[in-house]
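The values are calculated or read from the model by the stated rules, or taken from the named source; none is laboratory data. Here the structure is a predicted model, which is why all the values come from computation and not from measurement. We place every Cβ from the backbone using ideal geometry, glycine too, and count neighbours over all the protein chains shown. Accessible surface areas use protein heavy atoms only, side chains included; no ligands, DNA or RNA. Shrake-Rupley method; radii C 1.70, N 1.55, O 1.52, S 1.80 Å.
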Amino acid sequence: MPEHAIPFLREVVVFLVIAAILVPLFQRVRISPVLGFLLAGVVIGPFGLGALADRFALLGYVAITDVESVAVLAEFGVVFLLFLIGLELSLERLWSMRRLVLGLGSTQVLVTGFAIGAIAFAWGNSINAAILIGVSFALSSTAVVVEELIRRKEFSTRVGRASFSVLLFQDLSVVPILILVSAFTGAAGESFIEALAVGFGVAIAAAVAILVLGRIVLRPLFRLAASARAPEFFVAITLLTVIGVSAATAAAGLSLALGAFLAGLLLAETEFRHQIEVDVQPFKGLLMGLFFLTVGMSIDLQVFAKLAPLIIASVIGLIALKAGLLTILGRMFGLPLSCAAHAGLLLGQAGEFGLLVVGLAIAGGLIEPVPGQFFLIVAGLAMMVTPALAIAGARVATWLERGAAHSLQPEPDEIAEIGHHVIIAGYGRVGAAIAALLREERIDYVALDLDSALVGKLRAHDEPVFFGDGRRADVLAKVGAERASAIVLTLDAEQDAEQAVRDIRKRWPDVQVYARARDLEHAAALDAAGATRTIPELAESSLQMGAFVLSGLGLPQDAVNTLVDRLRERGYEGI
């Protein structure tokens, strides 16, 4: 390569072509980006088109024959994955879902991990390798499952909450598993107990030091970056935090991924969390894609051809084992059979963390290359069938519920698990739009409406919409108003809306109340009744139309947004 050439230029161009063209095409046929990158990696890797590059010169421009050449870049994808996992694990969210997270989630990881580990040990793997295989394959794919839940509008349903609770604990399990990998890899000549004690001792000391220093240093740094009001500074301090903390754990002999996870935990409780998620998302998506691409390139198609019957049987067995165990455990923790079976199938695959751990175990000599290839292929194929598992889970749930009457009244035991949720009173056009936004942001909500036909239709799709009068405080109490983050009123009748605001403010003075108003006069009455914020529908729609007109006339979007915000702050003066 000439001295002036950019390192990995061809590999980067190939990756960007896949990310910008091929993966969007996969999405059009409802193949998730994760699976798209995996498939693309198999095709362009050294065991796909790379195997033919010597005979066909043109293939050398699109195939990647050396996985190690991009493995360093791919490791940053893992770092950002673990950072975002830590960022989502706020104590508030964990506490509000503690029964399912700490109960069902922990039991699922322990029971499933023990069962899979025992099978791996029986097939001739060492005790260390069997433990790692068991606990890592007990985890499911957070990236793929959450994407399916959002796409199928099931995230805020009972199945979605149960599945996400299990995924939350699985994400928490990442830390001890990473420590196990480090301990076992560096345990030459040490006993299992010694390796475990040393690994956890070093990890705990490093974690405590990072968390203590981080709390002292990070918040002032982020406030300084935020005060500059320049997005590039904020992104820079975020990247510095992720990479800096990861480097600190690596210097302590632990993994980069563990440091990224701790960095996410540090920032999860700060006021900057949501802005950080938005800023890091593009980096995370691309680098995670690079990680899955390298996983796909590591899959040897010859191994698959030789062991195809055993691999397919193992994929089926893994899904059946995990789905069956989670169904049984879900029933033990009070989930209806239909919900437990649906969640079991949805979480029946292996996850991206299983792929990572197997790769680390192969690199560390804990698993031989051929068995390692076998595990990589099984995990990859299990992830690829997740959309089919989601469909099968929904159909099994429908079949199990056949003949059972759906109650249109809110069930207190179901609502009791929800904390920090949003209550939508009135599920018409506005209420449905708000619910769609909440689903996109993974925020729990409960909706009330008096249209029994509409409620019945939505409940048939397991949406959290219940028959009830959102004007009445006693009905709002049934859906956990005292624990709600906000109540949204989209009621048509003006006097009913005003009285509802007064009743809510009297009974729950601290809850945020957002109310739709017909016009400015109605908005003023709702403000006087105690609404946190009112949205005058006619004035707001006029303002939005005016904004589109200004944009169409060529005004810069920033200038239009500033003008619109100014008119809102003036109380829609002149509209």
Please list the non-local residues whose amide H lies under 5 Å from the amide H of HIS461, H modeled 1.01 Å from N, same-chain partners needing a gap of 5 or more.
none
Spacing of the two label points (7 Å from each Cα toward its C-beta) at GLN512 and SER485, in nm
0.8
Taking a ≥ b ≥ c as the square roots of the Cα gyration tensor eigenvalues, with a/c under 1.5 meaning rounded and otherwise prolate when a/b beats b/c or oblate if not, the range 242-390 comes out oblate
On a 0 to 90° scale, report how tilted helix 256-268 is relative to the longest principal axis of the chain, with both axes built from alpha carbons and the result rounded to the nearest 10.
10
Can you work out the Karplus-derived ³J(HN,Hα) for every residue in the range 44-50? Use 6.51 cos²θ - 1.76 cosθ + 1.60 with θ = phi - 60°, whole Hz, and x for glycine or proline.
8, x, x, 9, x, 5, x
Using only helices, what value at 222 nm comes out for the chain when you add -39,500 (n - 2.57) per DSSP H run of length 4 or more and divide by the total residues, to the nearest 500 deg cm²/dmol?
-21500 deg cm²/dmol
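Just the number, please: carbon plus sulfur as a percent of the accessible area of the chain, 1.4 Å probe, no ligands or DNA/RNA counted.
Details: 17490 of 26870 Å².
Summing carbon and sulfur atoms, their accessible area is 65 percent of the total for the chain.
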Please state the charge dipole magnitude for the range 419-575, taken about the Cα centre, from unit charges on C-beta atoms (+1 on K and R, -1 on D and E), reported in debye and rounded to the nearest 20.
280
Accessible area per residue of the range 106-149 at 1.4 Å probe, in Å²?
35
With unit charges on the beta carbon (Lys/Arg positive, Asp/Glu negative), name the residue among ALA257, ALA323, ALA268 whose Cα is farthest towards the positive pole of the charge dipole of the range 217-336.
ALA323
Among [x] 27.4, 77; [y] 27.7, 86; [z] 26.1, 80, which one is Rg and Dmax of the Cα atoms in Å computed from these coordinates?
[z]
Within the chain, what's the longest run with no GluC sites (Glu not before Pro) in a DSSP loop and at most 16 other beta-carbon atoms within 10 Å? Give the range, please.
4-189
Sorted largest first, the C-alpha extents of the range 488-556 along its principal axes in whole angstrom are 49, 23, 16
Relative contact order, percent, of the chain when contacts are C-alpha pairs under 8 Å separated by at least 6 residues?
16
Work from the charge dipole of the range 236-387 (Cβ charges, +1 for Lys and Arg, -1 for Asp and Glu, about the Cα centre) and give the residue of MET383, PRO282, PHE304 farthest towards its positive end.
PHE304
Nonlocal amide H pairs with VAL513, under 5 Å, H built at 1.01 Å:
ILE487, THR532, ARG533
Enter the angle in degrees (range 0 to 90, nearest 10) between the Cα long axis of helix 369-384 and the first principal axis of the Cα atoms of the chain, meaning the one along which they spread out most.
20
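Report the charge-dipole magnitude of the chain in Debye, nearest 20, computed about the Cα centre from +1 at each Lys and Arg Cβ and -1 at each Asp and Glu Cβ. Show your work: numbers first, answer last.
On the way: 42 positive and 52 negative charges, 137 e Å.
Here the size comes out at about 660 debye.
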What is the distance, in nm, between label points placed 7 Å from the Cα along the Cα-to-Cβ direction at VAL29 and at ALA197?
5.6
Of ILE504, ALA484, TYR514, whose Cα points farthest to the positive end of the dipole of the range 468-521 (charges on the beta-carbon: +1 Lys, Arg; -1 Asp, Glu; origin at the Cα centre)?
ALA484
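Go ahead and run the numbers for FRET between ARG273 and LEU301, Cβ-Cβ distance against an R0 of 60 Å, rounding to 0.05. Please list the in-between numbers first.
Values: r = 42 Å, r/R0 = 0.71.
The computed FRET efficiency comes out at 0.90.
Can you give the longest run of the chain that contains no trypsin sites (Lys or Arg not before Pro) sitting in a DSSP loop with at most 11 other Cβ atoms inside 10 Å? Intermediate values should be presented prior to the final figure.
Working: sites that count: ARG30, ARG55, ARG229, ARG402, ARG570.
The longest uninterrupted stretch comes out as 56-228.
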The helix 142-151 Cα axis meets the longest alpha-carbon principal axis of the chain at an angle in degrees, between 0 and 90 and rounded to 10, of 40
